[in-house]
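Encoded as structure tokens, the structure appears first; notes follow it.
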Amino acid sequence: METLANYINGEFIPPKSGNYMDVYEPATGQVYAKTPDSNSADIDDAVQSATAAFETWSNISRNERSKILHEIANGIESRMDEFAEYESRDTGKPLELAKSVDIPRAVTNFRFFADHALEFETESILDGNGSINKVVRKPLGVVGCISPWNLPLYLFSWKIAPALASGNCVVGKPSELTPYTAFKLGEICQEAGLPKGVLNIVHGSGQNTGSAITSHPEIKAISFTGGTKTGETISRTAAPQFKKLSLELGGKNPNIIFADCDFDTMLTSTIKSSFSNQGEICLCGSRILVEDAIYEKFRDAFVEKTNALIVGDPNDDTSKLGALISKEHLEKVLTYVALAKEEGGTVLAGGKKTSINDRCENGYFMEPTIIDGLSADCRTNQEEIFGPVVTLIPFSTEAEAVAIANSTDYGLAATIWSGNPDKANRVADQIDAGIVWINCWMVRDLRTPFGGMKSSGVGREGGDEALRFFTEPKNICMREV
Ligand code: TXE
């Protein structure tokens, strides 16, 4: 059995406590590795090495930093298949998805910020009375990046890349459920020539390792993606220390389908937005709002397509859904199906745990599930399930669709399907969400702001927003003599 190590000051080292946690392969239910459960002593070491590296890293040219980030991207790309296998093994997601989305996007994240940091502009303001204000942006110092299990390297790199590109040194922690690609990233950094201590990857639980990062006085900012409850806990520790905080939290995203949409394109996309990555993407559309006029037509076609999706071994090319992340998470998702029934819902498709033969017989698989007949305000329609479960809700007017869409505590993303651009834009304008897609889903330009409103988070990632987050502006006002 493989034993993972922390990557601190450019070296792979064991946790000081000697404590480890089991890493499960969700598709088989078997433990395949041990990962450190690091504590504050390990975080102290990581912060110390990051602090020592900061002087040099923040002062080398942006071009130099950019070159090294490109080398990291190249390194991951050259081991694309291998990394995709690791990611699929850790998460249970189809290998094909890890190959086509997760790992390519991690490569793109490093490339994008390597280039974008070179184009990042600062303002200078002339006041008309002979003074010039020059705004300079300085890196913060040592920052903490904490990421979840659903898109492990994708989301880890989405934080690390802008932090490094803007001159910070990082103490990063991947989810303890999916540590492997972050562990291997250490090798890539060594090969890419990233100076020691610039990036430190410390493994462990949220309770021990995560909270040691959040509470460390020398860590100037926390960039976090994960559950809303965890976001609250982190805020309680970090806010009184006046750390900068970027929190990307949960969602309960509406997918609003008007009768005048392009039905076939909408249907194909809605299958993806419902069940990609077993529904374990914060941007998945979990509440499908359908205009009365096409409710039955949509319901029947959607059920048919959903029933045709193959849940199977992530290594099989035919599998569209793999395993859920853990036994506990599978049980949580099944509990929501039971709750939906109690709340008066009808299960139109799926609803059950499913078994896959051979090596996957003990894996955490579940049928893609569709439920209708629920009120918009019941718990099933209000709480994030984060699995392959969607609900159908009919509506008759634009105003009703907007009211239902906005009726949850969340405000991350929304999708609107309509052949009428005026209507689609009017509705988009009224939806409380950080991202609204019209006639598409998951189309991402990395320059755009990414994040949520309400309980879906604070702050934005992506493009200039991320570089602003990881830097501090200083205004230098000079009076011309
Ligand atoms: O998230 P956690 P989990 C949501 C989704 C899911 C729920 C729980 O609803 O069911 O979150 O998932 C670290 N201090 N999303 O359990 O616990 C933890 O170790 C510091 C939405 O994975 O929030 C991990 O590295 N860190 C989301 C990271 O936080 C702590 C994607 C996320 O873990 C900590 C994933 C603490 N006290 C889940 N406790 C999205 N929006 O993309 C935990 N962590």
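The values are calculated or read from the model by the stated rules, or taken from the named source; none is laboratory data. Bear in mind that the values here come from a model prediction, so they are computed numbers and not experimental data. Because the Cβ atoms are built from the backbone with ideal geometry, glycine has one as well, and the counts that use them run over all protein chains shown. Side chains are part of the model used for accessible areas, which takes the heavy atoms of the whole protein and leaves out ligands, DNA and RNA. Shrake-Rupley method; radii C 1.70, N 1.55, O 1.52, S 1.80 Å.
May I ask for the percentage of alpha-carbon pairs in the range 265-347 that lie more than 18 Å from each other?
Taking all Cα-Cα pairs of the range 265-347, the fraction more than 18 Å apart is 53 percent.
Using a 1.4 Å probe, what is the accessible area per residue for the chain, in Å²?
Working: 19040 Å² over 481 residues.
Averaged over the residues of the chain, the accessible area is 40 Å².
Based on the alpha carbon coordinates of the range 320-454, what radius of gyration and maximum Cα-Cα distance (Dmax) apply, in Å?
17.0, 53
Looking at the chain, identify the longest residue range that excludes and avoids all GluC sites (Glu not before Pro) in DSSP loops having at most 12 other Cβ atoms within 10 Å. Before the final figure, lay out each step's value.
Working: sites that count: Glu121, Glu123, Glu361, Glu480.
Segment 124-360 is the longest.
Which of Lys99/Lys196; Lys272/Lys297; Lys138/Lys454; Lys16/Lys229; Lys93/Lys184; Lys244/Lys474 have a Cα-Cα distance over 25 Å?
Lys99/Lys196; Lys138/Lys454; Lys16/Lys229
The range 110-158: D in µm²/s via Stokes-Einstein (Kirkwood Rh, Cα pairs, 10 °C, 1.306 mPa s)? Provide the component values of the computation, followed by the final result.
On the way: Rh = 14.3 Å.
Rounded to a whole number, D works out at 111 µm²/s.
Using DSSP to define loop residues, name the trypsin sites (Lys or Arg not before Pro) in the range 344-431 whose beta-carbon has at most 15 other beta-carbon atoms within 10 Å.
Working: sites: Lys352, Lys353, Arg359, Arg379, Lys423, Arg426; in loops: Lys352.
Loop-located and lightly packed - Lys352.
Relative contact order for the chain: what percent, with Cα pairs under 8 Å and sequence separation of 6 or more?
About 19 percent, as a whole number.
Please list 3J(HN,Hα) in residue order for the range 354-371, calculated via the Karplus relation 6.51 cos²θ - 1.76 cosθ + 1.60 where θ = phi - 60°; whole Hz, with x for glycine and proline.
10, 9, 10, 5, 6, 5, 9, 5, 9, x, 9, 9, 9, 6, x, 10, 10, 10
Relative to the compact globular guide of 2.2 N^0.38 Å, what is the alpha carbon radius of gyration of the range 251-311, as a ratio?
Numbers: Rg = 11.3 Å, N = 61, 2.2 N^0.38 = 10.5 Å.
Normalised Cα radius of gyration, the range 251-311: 1.08.
Output the 0 to 90 degree angle, nearest 10, between the alpha-carbon long axis of helix 327-342 and the longest principal axis computed from the alpha carbons of the chain.
Rounded to the nearest ten degrees, it is 40.
For the chain, find the longest principal axis of its Cα atoms and tell me its angle to the long axis of helix 295-307, 0 to 90°, nearest 10.
Around 70 degrees separate the two axes.
Apply the Karplus parameterisation 6.51 cos²θ - 1.76 cosθ + 1.60, with θ equal to phi minus 60°, to every residue of the range 439-446 and state each ³J(HN,Hα) to the nearest whole Hz, in sequence, with x for glycine and proline.
6, 6, 8, 6, 7, 10, 9, 5
What Kirkwood hydrodynamic radius do you get for the range 1-157 when you take the inverse of the mean 1/r over all pairs of distinct Cα atoms, in Å? Write down the numbers at each step before the final one.
Numbers: mean 1/r = 0.0539 Å⁻¹.
By the Kirkwood definition, the hydrodynamic radius is 18.6 Å.
By the gyration tensor of its Cα atoms, with a ≥ b ≥ c the square roots of the eigenvalues, what is the shape of the range 389-481: rounded for a/c under 1.5, prolate for a/b over b/c, or oblate?
Prolate, since a/c reaches 1.5 and a/b exceeds b/c.
Ranked by accessible surface with a 1.4 Å probe, highest first, in what order do His329, His70 come? Before the final figure, lay out the partial values.
On the way: His329 20, His70 45 Å².
Largest accessible area first, the list is His70, His329.
What does the charge count near Ala52 come to, summing +1 for each Lys or Arg and -1 for each Asp or Glu among other residues with Cβ under 15 Å from its Cβ?
-4
Go ahead and estimate [θ] at 222 nm for the chain from helices alone: -39,500 (n - 2.57) per DSSP H run with n ≥ 4, summed, over the residue count, rounded to 500.
About -11500 deg cm²/dmol.
Would you kindly derive the ³J(HN,Hα) couplings of the range 283-289 from the backbone phi angles with the Karplus curve 6.51 cos²θ - 1.76 cosθ + 1.60 (θ = phi - 60°), listing them in order in whole Hz, with x for Gly and Pro?
8, 4, x, 9, 10, 9, 9
I need the Debye-formula profile for the chain: one equal scatterer per C-alpha, no solvent, reported as log10 I(q)/I(0) at q = 0.07, 0.09 1/Å, two decimals.
With one equal scatterer per Cα and no solvent, log10 I(q)/I(0) is -0.38, -0.62.
Tell me the angle of helix 80-91 to the major Cα principal axis of the chain, expressed in degrees between 0 and 90 and rounded to the nearest ten.
Taking the Cα atoms of the chain, the angle to 80-91 is about 60 degrees.
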